[in-house]
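Asker: Dropping the structure in here first, questions after.
The values are calculated or read from the model by the stated rules, or taken from the named source; none is laboratory data. Keep in mind that what you see is a predicted model, and the values were worked out from it rather than measured. Here the Cβ is made from the backbone with ideal geometry for all residues, glycine too, and neighbour counts use every protein chain on show.
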Amino acid sequence: MQTPFENPLQESGRTTKMADPCIMVIFGATGDLTSRKLVPALYNLVIDGELPAHFACVGFARREKTHDQFRDELFEAINNYSRNKPVDNEIWDTFKNQIFYHQSEFDDDKGYERLNTVLTDLDSKFGTNGNRLYYLSTQPSYFPDIIKRLNDHSLIYPIDQIKNKWSRVIIEKPFGHDLESAENLQQEIVKYLDESQICRIDHYLGKETVQNLLVFRFSNLIFESIWNNRFIDHVQITVGEEIGIGTRGRFFEEAGIVRDIVQNHMMQLLSLVAMESPTNMSANAIRNEKVKVVESIRTLPLNALDTHAIRGQYGKGFVDGLDVKGYREEDNVAKDSNVETYAAFKLFIDNWRWDGVPFYLRAGKRLPKRATEITITFKQAPGTLFCTKEKKLRQNLLVIRIQPDEGISFRMNCKVPGMTSTLQPVKMDFKYGSYFGAAPPEAYERLICDCMTGDSTLFARIDEVLASWRLFSPVLKKWETEKATDFPNYAAGTWGPKAADELLIQDGFHWRLI
Amino acid sequence: MTIIEIEDIKNQTQNSTQSYLFNLIVYSTCKARTAELKTILTRITEKFPCRIIQIEKICEPNTDEIKVSLSKERSGKNGQITSDIIQIFVSESQMERVPFIILPNIVADLPVYLIFGDDPTSETKLLKNMQSFSTKLIFNAAWSGSLKDFSKRMKPFLQNLKIDFMDISWALLNGWKELLAQVFDTPLKISHLRTCKKIIINYAYEKPEDLIEAIYLTAFIASRMGWEFKAQEIQHHHKQALCYQYRGHDINVILDPVSDAQAKAGSIINFELFAENATVYKLNSLKNSSKVLLHISSDEKCEIPCTFALSDINRGNGFLREVFYQSPGHHYAETLEMISKVNFRDIK
């Protein structure tokens with residue numbers, strides 16, 4: 001990804017980057033993601049002065065709509081979903097004139113022809129230098145066709161031929177439905193795009209606390225030196241949501257929690273926790289190390305899957321004291337659905353650092369609370385100075401809270417004041433909110449900005465995606481063919497099925513009560 | 001010397017759990033600067049929990065005392081951000097004791113930012129002592145006497161300075177520098193800037209040192225565009241005309257103060273550039289906001305005006321990012337070099 005012009009007014013070495021002038025085209029612009037995340041993110045970037053001055057946004061969708069209708073809808077969306085609200089009218093008056101609507105079917109060549117003309121006109125109007133950012137916020141089945149047509153109409157620039165302007169494509173998850181479909185999708189899109197032009201978005205990577213994982217691990221000597229199987233007992237990663245599937249019944253019936261959360265978000269967290277130090281902070285150096293982790297994960301034993309993978313589905317129960325229905329009673333969900341709304345895994349990373357350290361992952365809908373956390377449990381302190389056969393020492397815990405209440409805490413043992421030598425675990429707690437006050441930028445703000453600056457560090461590379469599918473596809477296939485007989489197997493508002501607890505109990509552990 | 005108050009500080013702060021992001025030492029001998037420094041402190045404490053150690057000189061002659069007081073300030077939503085403020089009022093004769101009072105009251109292991117309310121190139125005694133435990137020296141060119149002398153003295157001063165630093169006037173200009181970089185973002189537009197005929201910069205004027213940001217902006221552009229300083233003319237009502245040259249071509253820059261009660265004193269209000277082919281770039285600040293309206297026109301076309309947000313550096317995260325976390329790069333040194341060639345007599 002090249003920057004075409006070195007501006008003498010820009011100073012190198014600043015910690016903030018300036019995005020290139022460009023036009024962003026959002027495919028599927030009338031969808032939820034555009035109104036809830038993408039356009040509020042763009043607006044927040046304008047407010048923070050992070051969006052390039054020379055910028056335009058084109059919404060590409062099938063519905064008939066005028067520019068003004070589209071703008072009015074986005075105005076509402078920003079008012080509802082932006083972290084900066086109400087909308088600042090002066091900013092909006094300029095910003096809305098940078099937003100356009102383009103009606104076309106995704107498979108209509110004429111629509112792309114007209115798009116080319118529109119974009120060329122906008123280039124001369126807004127000085128966007130021909131740079132293009134295409135955001136595919138459509139159903140994944142449209143991805144190959146859209147990319148092919150973009151290429152057919154010269155809307156994608158061959159990276160080896162055109163150097164003075166760029167074109168990049170952001171692809172929303174899921175990237176494929178399983179290993180085979182991900183490989184097929186990749187084969188299709190690499191006909192037209194270089195890997196450096198593809199940004200596979202995983203919004204978890206845009207979260208401030210996830211980015212802090214690298215800083216935390218590799219800028220603090222004390223942790224990195226004990227970050228291995230000599231000192232770490234086991235690792236737990238939890239992504240819990242108290243909400244159900246809401247209006248996403250149709251999507252969830254196709255996906256399930258593994259495709260929705262585990263295969264992408266949780267594997268990103270796991271690889272950041274377990275990776276080796278990159279040789280430098282370049283996108284490739286970091287992603288090289290991440291992919292090694294995923295490729296080192298031991299294949300799950302399909303003949304004894306229950307000892308390593310647990311699935312669950314919520315039945316009716318109580319969340320926040322209110323009655324909630326079971327998954328099979330949700331809208332657009334089959335009455336005998338076999339789709340998992342909860343999954344827990346025991347994974348081993350077969351490398352020198354992590355040999356023998358279990359990584360327990362759990363993700364679920366309708367759990368007691370919304371929480372994404374990584375817990376590193378350290379081994380027992382050696383010796384018997386402060387413990388007896390009956391009473392063991394509490395192990396040190398390092399908890400990295402991704403959301404909500406972002407921060408890091410460390411549990412250690414402390415002597416209770418007095419004549420006895422009673423020990424009490426105490427907690428050192430760092431909370432982002434208490435120290436840095438303001439809300440950090442939303443994940444999509446960071447990711448869109450990075451794509452405009454050409455920094456692909458926070459996007460998933462194809463080998464990471466495929467390695468992850470390689471791990472989970474056989475499990476999903478087995479679960480699809482062997483229907484669960486005990487669904488629903490956990491009540492909404494609980495921490496998942498009993499079998500998930502037993503997964504840890506068999507190893508002498510238990511899930512940390514969050 | 002009031003030891004009791006210092007003991008109180010220890011008693012009140014020990015055994016209490018509180019978040020601190022950094023220590024902030026604020027020093028000034030100038031009474032007139034108290035209100036300005038207080039504004040800066042409010043910008044910080046409204047967002048970030050910290051320990052502030054404020055040193056104020058007792059100006060009454062023939063006094064020989066040090067007074068210390070401790071207070072807590074709560075801000076943020078529901079008052080969840082708590083900072084503690086240790087104020088030290090000190091006579092000139094007792095000044096050498098100040099570092100010894102500060103030292104035990106610093107929250108250990110956290111950065112120590114030193115906001116120096118005087119000209120750091122002139123003061124030696126206290127600054128030298130406090131440098132040893134400070135992380136970053138923060139000063140403001142506007143607090144110096146002559147800007148020309150300041151920029152000349154700054155070069156050797158910075159060579160000897162062992163800690164990071166930031167000039168607040170330079171930091172506050174960053175929104176405009178970034179905006180210009182965004183507006184002049186192609187070789188053609190840069191050539192418009194480099195070979196322009198005239199630039200008019202309006203700034204909000206209250207007092208002579210309000211000229212600083214306009215000077216910095218001019219010198220920044222001049223140094224980046226490779227202009228040579230040629231001549232200066234001070235016109236009526238504090239208006240200044242500067243003439244630069246680029247390859248034999250004259251560029252006139254007019255620094256024109258305007259009275260604007262709503263704008264922050266010293267802030268840039270308008271930037272207008274007149275280039276070849278009647279190309280005009282107009283960047284006008286909108287009233288009561290940190291937004292700028294851009295309008296570009298030429299013989300051939302007239303672009304639709306558009307509004308840009310300047311990143312808000314005056315408070316909160318923006319202030320912290322620019323003043324505490326960024327360092328002035330070589331652009332700053334080059335800007336000072338350019339300033340040192342001009343005698344801005346209007347600065348006090």
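Asker: If only one of B:Gln262, B:Gln182, B:Gln240, B:Gln235 is within 14 Å of chain A (Cβ to nearest Cβ) and either surrounded by fewer than 20 Cβ atoms within 10 Å (Cβ to Cβ) or modelled with pLDDT under 95 (or both), which one is it?
Answerer: Details: B:Gln262 fails: within 14 Å of chain A (Cβ to nearest Cβ); B:Gln240 fails: within 14 Å of chain A (Cβ to nearest Cβ); B:Gln235 fails: within 14 Å of chain A (Cβ to nearest Cβ).
Going through B:Gln262, B:Gln182, B:Gln240, B:Gln235 in turn, just one is within 14 Å of chain A (Cβ to nearest Cβ) and either surrounded by fewer than 20 Cβ atoms within 10 Å (Cβ to Cβ) or modelled with pLDDT under 95 (or both): B:Gln182.
Asker: Of the numbered conditions (1) away from every other protein chain (no Cβ under 14 Å); (2) more than 16 Å from A:Val25 (Cα to Cα); (3) not hydrophobic (A, V, I, L, M, F, W, C), A:Tyr135 satisfies every one except a single condition; which is it?
Answerer: Here A:Tyr135 clears every test but (2).
Asker: Go through the stretch B:36-71 and give me each residue that's out of contact with any Leu (no Cβ under 7 Å at 6 or more places or on another chain), assigned to a helix (DSSP H, G or I) and among the β-branched types (Val, Ile, Thr).
Answerer: Answer for the stretch B:36-71, where residues must be out of contact with any Leu (no Cβ under 7 Å at 6 or more places or on another chain), assigned to a helix (DSSP H, G or I) and among the β-branched types (Val, Ile, Thr): B:Thr39, B:Ile40, B:Thr42, B:Thr45.
Asker: Which of (1) without any contact (Cβ under 8 Å) to a residue 24 or more places away in the chain; (2) within 13 Å of chain A (Cβ to nearest Cβ) is the odd one out, the single condition B:Val280 does not satisfy?
Answerer: Looking at each condition in turn, B:Val280 falls short on (2).
Asker: Look at A:Leu74 and say whether it is more than 25 Å from the chain's Cα centre (by Cα) and more than 13 Å from chain B (Cβ to nearest Cβ). Spell out how you get there, then give the answer.
Answerer: Working: more than 25 Å from the chain's Cα centre (by Cα): no; more than 13 Å from chain B (Cβ to nearest Cβ): yes.
Spelling it out, it is not the case that A:Leu74 is more than 25 Å from the chain's Cα centre (by Cα) and more than 13 Å from chain B (Cβ to nearest Cβ).
Asker: If you don't mind, another one. Can you pull out every residue in the stretch A:153-167 that is over 31 Å from the mean Cα position of the chain (by Cα) and of a type in the set (A, V, I, L, M, F, W, C)?
Answerer: Once the filter is applied, which keeps residues that are over 31 Å from the mean Cα position of the chain (by Cα) and of a type in the set (A, V, I, L, M, F, W, C), the stretch A:153-167 yields only A:Ile162.
Asker: Condition test on B:Ser327, is it more than 9 Å from chain A (Cβ to nearest Cβ), modelled with pLDDT of 85 or more and either within 20 Å of A:His54 (Cβ to Cβ) or surrounded by fewer than 17 Cβ atoms within 10 Å (Cβ to Cβ) (or both)?
Answerer: On the way: more than 9 Å from chain A (Cβ to nearest Cβ): no; modelled with pLDDT of 85 or more: yes; either within 20 Å of A:His54 (Cβ to Cβ) or surrounded by fewer than 17 Cβ atoms within 10 Å (Cβ to Cβ) (or both): yes.
In short, no.
Asker: Further question on the same structure: Checking A:Ile159 against (1) assigned by TED's automatic domain parsing to the domain that holds A:Ile26; (2) buried (at least 19 other Cβ atoms within 10 Å of the Cβ); (3) of a type in the set (Val, Ile, Thr), only one condition comes out false. Which one?
Answerer: (2)
Asker: Looking at the stretch A:18-102, what helices (runs of 4 or more DSSP H) fall wholly within it and have at least 3 residues that are modelled with pLDDT of 90 or more?
Answerer: Details: elements: A:39-47, A:67-81, A:89-96.
Qualifying helices (runs of 4 or more DSSP H): A:39-47, A:67-81.
Asker: Now, a different point. Among the residues of the stretch A:324-348, count how many are farther than 12 Å from A:Gly244 by Cβ and of a type in the set (D, E, K, R).
Answerer: Count: 4.
Asker: Right, here's the next one. Only one residue in B:Val112, B:Val90 is closer than 30 Å to B:Leu147 by Cα and touching a residue at least 40 places away in the same chain (Cβ under 8 Å). Which one? Full working, then the answer.
Answerer: Details: B:Val90 fails: touching a residue at least 40 places away in the same chain (Cβ under 8 Å).
Residue meeting the stated conditions: B:Val112.
Asker: For the stretch A:196-237, enumerate the residues that are surrounded by 15 or more Cβ atoms within 10 Å (Cβ to Cβ), acidic (Asp, Glu) and in a helix (DSSP H, G or I).
Answerer: Matches in the stretch A:196-237: A:Glu208 only.
Asker: Here is a check on your reading of the model: is B:Ile81 at pLDDT below 90, β-branched (Val, Ile, Thr) and in contact with a Ser or Thr (Cβ under 7 Å, 6 or more places away or on another chain)?
Answerer: Values: at pLDDT below 90: yes; β-branched (Val, Ile, Thr): yes; in contact with a Ser or Thr (Cβ under 7 Å, 6 or more places away or on another chain): yes.
It is true that B:Ile81 is at pLDDT below 90, β-branched (Val, Ile, Thr) and in contact with a Ser or Thr (Cβ under 7 Å, 6 or more places away or on another chain).
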